[in-house]
Amino acid sequence: MENMNYNLLLKQIESLTATESNLIANLANTTSILHDELKVLWTGFYFVENDELVLGPFQGPVACTRIGFGKGVCGKSWESEELVCVDDVHKFPGHIACSSRANSEIVIPIKKNGKVTLVLDIDSEDYARFNSNDISGLQAICSYLETII
Ligand code: SME
């Protein structure tokens with residue numbers, strides 16, 4: 001698979017969100033751009049709410065609404081405050097299978113004032129779908145989102 005042009009994706013996301021102040025609207029359009037361009041199974045955000053992650057805007061099949069701290073790939077990313085990229089989710093201890101079709105996954109924490117306030121989660125039916133280009137590109141998009149949340 002050819003590497004995605006994340007500079008272009010970031011520009012698209014910036015131009016759609018720069019003049020809009022509503023967070024849900026901005027995250028909803030961000031999921032749409034990422035999901036359409038990456039052609040993955042599921043793309044969405046979870047918000048940190050007390051001791052749980054709660055489902056936010058997403059594209060794809062129905063997903064779990066709440067995930068505990070440290071649970072699944074999303075909870076681990078929240079707990080470690082680090083990007084977690086999993087080539088084979090079936091080998092990830094505690095992975096939460098919202099869809100049986102998901103085989104690889106990437107989760108990126110997004111911080112406000114130094115605290116994780118939401119995570120971006122992307123699931124793919126392909127194994128090892130996310131390479132170093134995806135990791136750096138998605139990280140750059142999440143760094144941008146940190147400036148608008
Ligand atoms: N697989 C995730 C749960 C969220 S869904 O994939 C949308 C996890 O293990 O945290």
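Observations
- Solvent-accessible heavy-atom area per residue, rounded to whole Å², over the chain at 1.4 Å: 50
- Entry note, the chain: the mean residue ellipticity at 222 nm calculated from DSSP H runs of n ≥ 4, each adding -39500 (n - 2.57), is -11000 deg cm²/dmol after division by the residues and rounding to the nearest 500.
- Stretched out straight at 0.36 nm per residue, the stretch from V54 to D88 would grow longer than its current Cα-Cα span by 9.8 nm.
- Relative contact order of the chain: 22 percent, from C-alpha pairs under 8 Å at least 6 residues apart in sequence.
- Our estimate of slack between R66 and D126, defined as 0.36 nm per intervening residue step minus the Cα-Cα distance, is 19.1 nm.
- For the chain, the fraction of 1.4 Å probe accessible surface lying on carbon and sulfur atoms is 48 percent.
- Computed over neighbours whose Cβ is under 12 Å from that of N131, the net charge equals -3, Lys and Arg +1, Asp and Glu -1.
- Modelled this way, with points 7 Å down the Cα-to-C-beta line, the labels at E20 and I148 are 0.8 nm from one another.
- Distance between the C-alpha centres of the range 1-24 and the range 51-112: 22 Å, rounded to the whole angstrom.
- Listed peptides 28-41, 8-21 by packing density, highest first (mean Cβ within 10 Å): 28-41, 8-21
- If you plug the beta carbon distance of Q139 and N5 into 1/(1 + (r/R0)^6) with R0 = 22 Å, you get a FRET efficiency near 0.90.
- Kirkwood Rh and Cα Rg combined as Rg/Rh, the range 6-146: 0.93
The values are calculated or read from the model by the stated rules, or taken from the named source; none is laboratory data. Predicted, not measured: the structure shown is a model, and the values here were computed from it. For neighbour counting, all protein chains shown are included, and Cβ atoms are generated from backbone atoms with ideal geometry for every residue, glycine included. To get the accessible areas, we keep the full protein, side chains included, count just its heavy atoms, and leave off ligands, DNA and RNA. Shrake-Rupley method; radii C 1.70, N 1.55, O 1.52, S 1.80 Å.
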